[in-house]
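Colleague: This structure is in structure tokens; I'll ask about it shortly.
The values are calculated or read from the model by the stated rules, or taken from the named source; none is laboratory data. Values in this document were obtained by computation on a predicted structure and should not be read as measured data. Cβ atoms come from the backbone with ideal geometry, glycine included; neighbour counts cover every protein chain shown. When the accessible area is computed, the model is the full protein with side chains, heavy atoms only, and any ligands, DNA or RNA have been set aside. Shrake-Rupley method; radii C 1.70, N 1.55, O 1.52, S 1.80 Å.
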Protein chains: 2
Amino acid sequence: MSVRIDETDRKILVELQRDASQSLDEIAARVGSSKTPVWNRIRKLKGAGIIGQQTVLLDAEALGFEATFFVLIRTSEHEAEWQKHFLKALRDRPEVQEAHRLAGDIDYILKVRVKNARAYDAFYQALISEVRVYNVTALLSMEEIKSTTMLPLDALAEN
Amino acid sequence: MSVRIDETDRKILVELQRDASQSLDEIAARVGSSKTPVWNRIRKLKGAGIIGQQTVLLDAEALGFEATFFVLIRTSEHEAEWQKHFLKALRDRPEVQEAHRLAGDIDYILKVRVKNARAYDAFYQALISEVRVYNVTALLSMEEIKSTTMLPLDALAEN
DNA sequence: CCTGAAAACTTACTAGG
DNA sequence: CCTAGTAAGTTTTCAGG
């Protein structure tokens, strides 16, 4: 479960986050090591689950996903059965890119990516017909100022 | 700018989103084509900017990022100068993973990933000392129910 | 935990239908 | 737009310090 991440591991993770298509030689050069040790460390980090999915980020707008909504949900239901059903509904809907259970006043927040406002409405109608929710506020994004999957690993540098 | 995405392109994008470490042969087999055409299409899609960064997703919790906040910001400032400054501050802070300008009542939403509540407070203090904002609400995530970067490309299947 | 080398595989490109 | 072929590059494994 717990793997000690040393400075070299951290640098490797920084490089892989930045550009996972680099060759081992490139990564090794950047982190000041060589091929085999870097390969062994990456294997260890994958095995430990620190390194997960390798993916490409696509241009959502160019592909016709022109609307992003953040959805704030309040519910009066707090039974286990209801929650199980609700979480499954979220996981099964591919337009839900993120879903978090929150502390406090608002119970859940979703990030929903759809083609347009009409597609959002279809999503919303389907969701509320599937599970009872008390109050829903949709926030429409006008502009994506920043979007990154990179963790700020610099924050770990002094460990 | 605009590239026509056909059914084969769409399937290639689905595969690359799912697992970008697959070889051309694997992808070709899955989409029902062969190496060279797939290679040419990927090159075209990269050139057009449809395919962007290739990255790995890391286990944030295992790396000690135990707190995620969604931050709702209202501001009274709407001058170009203020906005430019604010956007730069967001882009420069690595703990801000997402930032959107919104329509309506709330002006901005951020997703902020930090080690703990103390680190969030440090971020918050730094931000409000740099730019004037009228009202800030922080929503603390208790549980990440779902998190994906994958676009629901199935929605494009019938085009 | 490292270096260095070798085998297997993959990518990037070309020629030709 | 495809199939087939190939040279260069890359990953993966392993022997040895």
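Colleague: Lysine pairs, Cα distance under 24 Å, 8 or more residues apart or cross-chain: how many in chain B?
Modeller: 11
Colleague: Whole number please: convex hull volume per residue, Cα atoms of chain B, in Å³.
Modeller: 163 Å³
Colleague: Taking the Cβ of A:GLU26 as the center, what net charge do the other residues with Cβ under 13 Å away carry, scoring Lys and Arg +1 and Asp and Glu -1?
Modeller: +1
Colleague: Which residues belonging to segment B:46-84 lose at least 40 Å² of 1.4 Å-probe accessible area when the assembly is complete, relative to their chain isolated?
Modeller: For segment B:46-84, once contacts with the other chains are taken into account, B:ILE50, B:GLN53, B:GLN54, B:THR55, B:VAL56, B:LEU57, B:LEU58, B:LEU63, B:PHE65, B:PHE70 lose 40 Å² or more.
Colleague: In deg cm²/dmol and to the nearest 500, what is the mean residue ellipticity at 222 nm of the protein assembly as shown if only DSSP H runs of at least 4 residues count, each as -39500 (n - 2.57), divided by the residue total?
Modeller: About -11500 deg cm²/dmol.
Colleague: Leaving ligands, DNA and RNA out of it, report the carbon-plus-sulfur percent of the accessible area of segment A:63-115 at a 1.4 Å probe.
Modeller: The value for segment A:63-115 is 46 percent carbon and sulfur by accessible area.
Colleague: Using the Cα centre as the reference, give the magnitude of the dipole from point charges on the C-beta atoms of segment B:7-55 (Lys, Arg: +1; Asp, Glu: -1; all else neutral), rounded to the nearest 20 debye.
Modeller: 180 debye
Colleague: Buried by at least 50 Å² relative to the chain on its own: which residues of segment B:126-155 qualify, computing accessible area with a 1.4 Å probe on protein heavy atoms?
Modeller: Going by heavy-atom accessible area, the residues of segment B:126-155 that drop by at least 50 Å² are B:LEU139, B:MET142, B:GLU143, B:ILE145, B:LYS146, B:THR149, B:LEU151, B:PRO152.
Colleague: Interface A/B, total buried accessible area with a 1.4 Å probe, nearest 100 Å²?
Modeller: 6400 Å²
Colleague: From the label point of A:ALA29, set 7 Å from Cα along Cα→Cβ, how far away are the matching label points in the other copies, in nm, ordered shortest to longest?
Modeller: With the label placed 7 Å along Cα→Cβ, A:ALA29 yields 3.3 nm.
Colleague: While we're looking at this one, here's another question. Solvent-accessible area per residue for chain A at a 1.4 Å probe radius, Å²?
Modeller: Spelled out: the 1.4 Å probe surface of chain A, per residue, equals 52 Å².
Colleague: Considering only the other residues whose Cβ falls under 12 Å of the Cβ of B:ALA48, what net charge follows from Lys and Arg at +1 and Asp and Glu at -1?
Modeller: Net local charge, B:ALA48 excluded: +3.
Colleague: How charged is the neighbourhood of B:PRO152? Take every other residue with its Cβ under 10 Å from the Cβ of B:PRO152, and add Lys/Arg as +1 and Asp/Glu as -1.
Modeller: Around B:PRO152, the charge tally is +1.
Colleague: Also: Which one, A:ALA60, A:ASN135, B:LEU140, projects farthest toward the positive side of the charge dipole computed for the protein assembly as shown from Cβ point charges (K/R +1, D/E -1)?
Modeller: A:ALA60
Colleague: Additional query: Amide H neighbours of B:ILE50 under 5 Å, at least 5 residues apart or on other chains, H built in the peptide plane: list them.
Modeller: none
Colleague: Mind listing the label-point distances from B:THR8 to the same position on all other copies, shortest first, one decimal in nm, points 7 Å along Cα→Cβ?
Modeller: 4.4
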